[in-house]
1. Run the count for the stretch 1-102, please: Lys pairs, Cα-Cα under 19 angstrom, 8 or more apart or on different chains.
2. From the helices alone, meaning DSSP H stretches of at least four residues, give me the mean residue ellipticity at 222 nm for the chain, per-run term -39500 (n - 2.57), in deg cm²/dmol to the nearest 500.
3. Which of the aspartates and glutamates could a cross-linker bridge to Lys212, judged by Cα under 19 Å and excluding same-chain residues fewer than eight apart?
4. Determine, for each peptide in 88-99, 237-248, the mean count of other beta carbons within 10 angstrom over its residues, then list the peptides with the highest first.
5. How large is the Kirkwood hydrodynamic radius of the stretch 4-89, counting all unique pairs of alpha carbons, in Å?
6. Translational diffusion coefficient of the chain at 20 °C, 1.002 mPa s, Stokes-Einstein with Kirkwood Rh over Cα pairs, in µm²/s as a whole number.
7. Please name which of Ile206, Ser140, Pro161 has its Cα lying farthest along the dipole of the stretch 101-239 towards the positive end, using unit charges on Cβ (Lys, Arg +1; Asp, Glu -1) and the Cα centre as origin.
8. Between Ser3 and Gln105, take the C-beta separation as r, use R0 = 25 Å, and let me know the FRET efficiency to the nearest 0.05.
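Every number in this text was worked out from the coordinates using simple rules, so none of it is lab data. This one's a predicted model, so the numbers in the text were calculated from it and none came from an experiment. Note: ideal-geometry Cβ built from the backbone for every residue, glycine included; neighbour counts use all protein chains shown.
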Amino acid sequence: MISPQTIQQIQSRIDIIDIIGEFLKLKKRGVNYIGNCPFHGEKTPSFTVSPTKEIFKCFGCGKSGNAITFLMEHEKISYVEALRWLAKRYNVDIEETQVTDEVRQQQQAADSLYILNQFAKDWFQAQLWNTEEGQHIALSYLEERGFSHENIRKFQIGYNPQGGQVFAKAAAAEQFTPEVLLKAGLVNDRNQQLNDNYRGRIIFPIVANNGKIVGFGARVIGKADKAPKYINTPENDIYHKSRVLYGLYQARLAIDRFKECLLVEGYSDVMSLHQAGIENVVASGGTALTVEQLRLIQKYTNNLTIVYDGDAAGVKAAMRGLD
Ligand SMILES: [Zn+2]
């Protein structure tokens with residue numbers, strides 16, 4: 001955690017004109033500065049910054065705050081991320097306070113899952129593109145469904161071979177422990193051995209807003225007889241099904257630009273729409289939409305269009321849960 005002394009040091013150095021001026025053009029008018037509001041479209045400036053009060057206010061849309069909340073809103077970052085941004089800007093050394101053993105253990109568990117997921121994502125991609133099995137079984141299947149190579153790369157799609165323990169052995173060779181492999185849901189330990197949980201499946205990495213891989217969806221190729229069509233990462237230190245939206249990382253700029261977010265059901269629906277040039281789209285992953293997922297969308301827009309009718313009642317229930 002950032003120490004209170006560091007936070008004080010950062011706050012004492014903030015120059016709100018300097019910070020906001022980084023993102024939009026400000027003109028001096030009297031004691032204040034004015035500019036075109038970045039939060040709502042306008043041609044005549046109604047966005048006012050007061051250097052003496054160290055606040056901003058828009059008389060068009062009503063948005064107001066200080067330099068830190070401006071950064072959080074404008075850059076869509078957290079309070080701590082805004083502090084780190086400012087510390088870097090003003091050359092303030094960040095002093096971290098001691099964290100408890102419990103917190104440290106949680107962080108270590110999360111870190112090892114992120115590292116494993118990154119390794120797994122790269123490995124699955126290599127199987128798809130660079131092996132005969134991957135090309136013949138998985139890549140050709142994706143091509144038949146109309147996905148371009150560019151699109152397949154954009155979503156970092158991969159393939160887990162059919163062998164049964166191919167991934168488990170590759171991960172063990174990289175010193176990943178059985179505990180972290182099981183926790184990540186990439187293997188199971190049936191019959192006292194580590195087996196690939198996603199064998200013979202197409203792998204869709206699920207990317208958090210910071211670009212890190214939090215989990216995977218693994219789809220069976222062709223018709224699923226007894227096996228489930230999708231296997232998803234189980235809940236763990238970094239993957240919480242109710243708090244992620246598939247495709248948001250790839251869609252966030254387009255959602256911002258079009259001020260609208262489309263919601264579809266499945267991972268491949270997101271890819272299909274990208275393939276058609278529509279990029280402001282996310283998927284709930286087949287589960288009922290949650291309040292947390294709606295909040296993720298609300299960071300970018302209040303304008304949500306539901307493109308499937310599978311669970312209209314569930315969506316309405318989630319919306320009622322919003323403040
Ligand atoms: Zn405004």
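1. 16
2. So the helix-based figure for the chain works out to -11500 deg cm²/dmol.
3. The reachable aspartates and glutamates, counting only those whose Cα sits under 19 Å from Lys212, are Glu75, Glu81, Asp111, Asp122, Glu235, Asp237, Glu292.
4. Those peptides, ordered most packed to least, come out 237-248, 88-99.
5. For the stretch 4-89, the Kirkwood estimate is 13.2 Å.
6. Estimated via Stokes-Einstein, D reaches 96 µm²/s.
7. Towards the positive end, the residue furthest out is Ser140.
8. The calculated FRET efficiency here is 0.70.
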